[in-house]
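Values in this text are rule-based calculations from the coordinates and carry no lab data. Fair warning: this is a prediction, and the values are worked out from it, not measured in the lab. Cβ placement follows ideal geometry from the backbone for every residue including glycine, while neighbour counts extend to all protein chains displayed.
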Amino acid sequence: MAVAAIVAASAVLVWWCTRPDVAQRHLADIRVQGFGRIADAPVARGSGDYGPNAGAIFLGPFVADLPPLVTADIAVKPVVPPIITAEDHSSTVAGATWPDDCALSVSRITPPAPDPAWNLTERQAGDLAAGTLALLRIIVTCNG
């Protein structure tokens, strides 16, 4: 009887520790028409006490007007003008905020070289360099 209780408690603990947090759940609900999710994206939050965050890299055809292609369970709005960040070769083109104090950021990224973690084929890397493919970094950050 005691062994069964320990096994059950262990199973609950494993479930609790590995369940997706709120940022991961929001990220899982996001779709980008014509794009595929190819990798997780690390999210830097600086120092201090921050809530959960999650990010992903999407690959798809170059499209000038990205915000209408991004669907989530909230309205995704364009960021005008885009916020350009030279350090990571990105421009934030869309965003949104959920009522649970989580925020969405959609950035077009143009790195000088593809990250090996993205596992791009030679053709994809060439199309990316030629500008016919595009990379998006989608990040969800939550306070709390």
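What is the range 69-108 by shape, rounded, prolate or oblate, if you read a ≥ b ≥ c off the alpha carbon gyration tensor as root eigenvalues and call it rounded for a/c under 1.5, prolate for a/b larger than b/c, and oblate otherwise? Taking the square roots of the gyration eigenvalues as a ≥ b ≥ c, the range 69-108 is prolate.
Alpha-carbon geometry of the range 21-142: the Rg and the Dmax are 14.0, 42 Å, given in that order. When peptides 112-119, 25-32 are ranked by their average number of other Cβ atoms within 10 Å per residue, the highest-first order is 25-32, 112-119.
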